[in-house]
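First up is the structure itself, then whatever we jot down about it.
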Amino acid sequence: MQPIIETERLFLRPFKLPDASRVQELAGDIEVARTTLSIPYPYPDGAAESWISACNHNSDAGNGFPFALVSKESNVLIGCMSINIASPHQRGELGYWLGRAFWGKGYATEAAKALIHYGFEDLKLNKIWAAAMAANPASSNVMTKVGMKFEGEFKQHILKGDKFEDLVYYGMTRMDYENMRS
Ligand SMILES: CC(C)(COP(=O)(O)OP(=O)(O)OC[C@H]1O[C@@H](n2cnc3c(N)ncnc32)[C@H](O)[C@@H]1OP(=O)(O)O)[C@@H](O)C(=O)NCCC(=O)NCCS
């Protein structure tokens, strides 16, 4: 069962269907869609509801755990941090976005640290990784700030709109995690 995780300023909790309009409002911002690998723009009506249903299904099946990031101070949903699981390899992939008004305040770093702890301690993963567009330094900064290491760059790996984008990959093995904590 997907837990509720508490950090200094956030609750990380499963998404619920009533979150759909807020998800559409935040993720429907072109500046959020621009650097994500899978958020469409324009964000279609009904897509948030379908996505939340898929999240819950994935979570029930143990394939991935998408967490709504909720400000403790305002009780408002500000973004998403998910960990998708490749069980045969005991590996998790982080994916995340925040509403534009909440950028640059350390929230993604705070949530990523919590999911790394969850991934290694509770899910017993051996590795956590993430990918970002090379043209998205904020995301690369989040990954390095939580202790993930640069693993490489894939040139023109995805087509986003009408442009081929380079992707950068970052990772943390269980050994890295244990060394970081000791
Ligand atoms: C990427 C994203 C989640 C970062 O969230 P955030 O809460 O602002 O991240 P944090 O505040 O924890 O850390 C961001 C870091 O990048 C830095 N940064 C932000 N914009 C930057 C830029 N254009 N160039 C270089 N560094 C930048 C910040 O200064 C901060 O580093 P610092 O703490 O050393 O100052 C957010 O920008 C976002 O949602 N973007 C749109 C969606 C997206 O790109 N998701 C990731 C897909 S891989």
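Just a few scattered comments:
- Total residues in the range 96-155 satisfying the condition of being on the phi < 0 side of the Ramachandran plot, more than 9 Å from the ligand (Cβ to nearest atom), among the small types (G, A, S) and part of a loop (DSSP other than H, G, I, E, B): the figure is 2.
- Which listed residue, of P66, P18, P42, is within 27 Å of H157 (Cα to Cα) and more than 16 Å from the chain's Cα centre (by Cα): P42
- For the range 1-83, the helices (runs of 4 or more DSSP H) that sit wholly inside it and include 2 or more residues that are within 14 Å of the ligand (Cβ to nearest atom) and modelled with pLDDT of 95 or more are 20-27, 30-33.
- Here L159 passes the criteria (1) of a type outside the set (D, E, K, R); (2) loosely packed, with under 13 Cβ neighbours inside 10 Å; (3) more than 19 Å from V32 (Cα to Cα) except the one numbered (3).
- Residue within the range 102-119 that is in contact with an Asp or Glu (Cβ under 8 Å, 6 or more places away or on another chain) and either crowded, with 22+ Cβ neighbours inside 10 Å or of a type in the set (G, A, S) (or both) present: no
The values are calculated or read from the model by the stated rules, or taken from the named source; none is laboratory data. The shown structure was predicted, so the numbers you read here are calculated from the model rather than taken from an experiment. Note that each Cβ is placed from the backbone with ideal geometry, even for glycine, and that neighbours are counted across all protein chains shown.
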